[in-house]
Amino acid sequence: MRKYSLAMVAGMLALAITSCKKNYLDEKPYSSYTPLTLTDSLGFEASAIGLYNYETGILTYSSRQGWPSVWQVGTDVANATAQQEGIEVPYYNYGLLTNTDAAAQYIWTKYYALINNANIIIKSAEDPATTKITSIGKHQVEAEAKFFRAYAYHNLTTLFGTVPLVTEPVSSFRADFTRAPQADIDALITGDLTYASTYLADLNATGGLTNTQGKPVSRANKYMAMQLLAEAYLRMGKYDLAEQQAQAVINSGKFNLVNARYGVRVSGAGDYYSDMFVYGNQRRSQGNSEALWVLEQENSSKVVGGNVDNAQQRRVWGAAYYAIPGMLPCDSLGGRGIARLRLSNWVIYGLYPAGDMRNSENSIKRHYYYNDPSPTYKALYGKPVPYAGADTLFRICPSTTKWGAFDPNDTFGYAMIKDFIMMRLGETYLLLAEAQIQQGKTALAANNINALRTRAKAPQVTASQMTMDFLLDERARELIGEENRRQTLMRTKTLVDRATRLNSNDAVHPTTGLATKNLLLPIPLSEIQLNKDAVLTQNPGY
């Protein structure tokens with residue numbers, strides 16, 4: 001797929017050779033990976049698959065290894081450690097978050113590239129001259145592209161506020177982008193997702209492994225669009241409509257909360273909640289009955305192109321136990337982490353009630369035992385690693401096991417080969433409860449929270465406990481390590497309150513300088529400067 005940023009797109013064709021008259025200098029391309037007009041099913045299929053590839057590239061970005069930390073540190077759930085890489089620093093030391101921020105620039109650029117690629121597909125599908133693909137095929141691929149366009153715009157407007165609205169492929173010089181009204185952005189998102197939920201494939205009658213067209217369910221299905229629309233409606237304050245969308249996903253009968261052991265380690269250590277996050281168990285085809293959307297990854301040494309980049313999630317989330325003499329990286333400990341972040345004290349000590357399965361040793365690792373059998377460490381083998389001193393901050397800090405993965409051919413573990421569970425039914429219940437809390441339907445909200453708590457063997461809750469603060473606590477309990485926590489708190493406008501109240505007392509890298517302006521990210525200065533033919537305004541305070 002072509003890769004564009006908003007500004008780069010505008011400049012791609014700015015230079016042209018006009019003085020030379022020699023015909024033999026004229027370029028005559030006989031093929032192109034991404035024609036601006038798609039004509040047949042193979043072109044559409046390749047371009048649609050490219051959308052998944054592009055989103056995976058955003059998640060697996062490795063040139064800045066602190067990338068996953070950007071979305072967690074300086075919120076209520078995590079702090080940076082001595083192992084910080086650098087890109088994440090302005091996201092806990094907010095005084096350093098400026099309009100030249102690298103993370104804001106990167107995500108802005110990538111989402112606009114995703115939008116442009118989606119626009120190419122949409123325009124070609126809507127072109128009456130495109131006749132080498134059936135109308136059904138056109139609807140399906142257009143729905144797929146509109147899902148990704150809506151996904152990108154929902155994320156952009158959550159992070160940056162109002163943004164330029166681009167609905168046509170940009171293939172020539174432009175420097176006149178302006179920020180669109182919020183109502184126009186929301187209308188596009190709503191229209192795209194309504195179309196997608198209508199024309200994307202359904203799952204089969206039993207929610208099985210293939211959809212009704214025989215395609216694997218790793219491709220977009222209508223329930224993904226419905227779930228995203230529920231979240232978008234929550235951001236818009238349309239709580240009744242959000243409730244309808246989330247309820248429809250639950251009522252579809254195609255998904256069930258995992259409540260029994262399954263898969264590759266069914267007879268081994270663990271429990272049914274942690275089973276969902278074991279590589280080999282994450283996909284619907286592998287038994288994960290609550291998976292709505294899974295971006296699948298494969299070892300590139302076995303499947304060419306199976307891993308877009310070198311994902312850093314395990315190294316970011318996993319404890320750096322390997323650095324303790326007498327400890328070796330191993331499968332049971334999730335491979336080699338380096339703990340670029342540490343769960344906040346609030347998460348470690350105050351979040352989970354007694355007996356909550358989501359806080360078991362299978363999901364949040366808290367204890368380590370020496371495992372090096374060599375003669376040097378024979379006397380220590382099998383004994384507990386002392387939980388004291390500086391080691392608790394990153395070497396044996398409590399950490400989620402959701403990103404644990406071990407490749408015996410790569411004990412150093414630079415890249416993580418693991419699927420990304422993008423949407424699952426556990427979050428659907430939380431979105432539904434949020435919509436109900438916002439409408440004062442606290443008894444219904446408690447019922448939906450209790451569905452998750454029953455599964456987790458956690459104490460039941462009552463209607464009187466149903467507040468947005470409690471809902472955000474429960475999201476952390478259920479989705480720690482999965483959700484983009486920063487984006488959730490920005491969407492609900494609770495980042496400043498929760499990060500300050502729950503996570504400003506870290507002894508090493510405390511959250512500092514957080515202000516109301518940080519409910520939005522800065523518009524990248526380079527985009528403003530390159531946009532010479534119109535004013536692209538900056539967010540207040542930047």
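The values are calculated or read from the model by the stated rules, or taken from the named source; none is laboratory data. This one's a predicted model, so the numbers in the text were calculated from it and none came from an experiment. Note that each Cβ is placed from the backbone with ideal geometry, even for glycine, and that neighbours are counted across all protein chains shown.
Some observations on this one:
Conditions (1) in a helix (DSSP H, G or I); (2) at pLDDT below 95; (3) closer than 24 Å to residue 220 by Cβ, marked per residue:
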{"residue": "246", "(1), (2), (3)": "yes, no, yes"}
{"residue": "277", "(1), (2), (3)": "no, no, yes"}
{"residue": "289", "(1), (2), (3)": "no, no, yes"}
{"residue": "310", "(1), (2), (3)": "no, yes, no"}
{"residue": "327", "(1), (2), (3)": "no, no, no"}
{"residue": "339", "(1), (2), (3)": "no, no, no"}
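- Residue check for residue 139: closer than 26 Å to residue 293 by Cα and crowded, with 20+ Cβ neighbours inside 10 Å: no
- Identity of the residue in the range 452-467, farther than 27 Å from residue 518 by Cα and hydroxyl-bearing (Ser, Thr, Tyr), that ends up nearest to the chain's Cα centre (by Cα): 454
- Meets criteria (buried (at least 22 other Cβ atoms within 10 Å of the Cβ), part of a loop (DSSP other than H, G, I, E, B) and either in contact with a Ser or Thr (Cβ under 6 Å, 6 or more places away or on another chain) or in contact (Cβ under 8 Å) with a residue 24 or more places away in the chain (or both)) for residue 227: no
- Residues in the range 136-159 that are in contact with a helix residue (DSSP H, G or I) (Cβ under 7 Å, 6 or more places away or on another chain) and over 17 Å from residue 224 (Cβ atoms): 6 in all.
- Filtering the range 468-494 to residues that are assigned to a helix (DSSP H, G or I), of a type outside the set (D, E, K, R) and more than 18 Å from the chain's Cα centre (by Cα) leaves 468, 470, 471.
- On inspection, residue 72 passes the criterion of being of a type in the set (S, T, N, Q), buried (at least 19 other Cβ atoms within 10 Å of the Cβ) and touching a strand residue (DSSP E or B) at 6+ places or on another chain (Cβ under 8 Å).
- Per the listing 512, 500, the residue uniquely touching a residue at least 60 places away in the same chain (Cβ under 8 Å), of a type in the set (Val, Ile, Thr) and under 27 Å from residue 83 (Cα atoms) is 512.
- Only residues that are part of a helix (DSSP H, G or I), hydroxyl-bearing (Ser, Thr, Tyr) and under 18 Å from the mean Cα position of the chain (by Cα) were counted across the range 45-95, and they come to 5.
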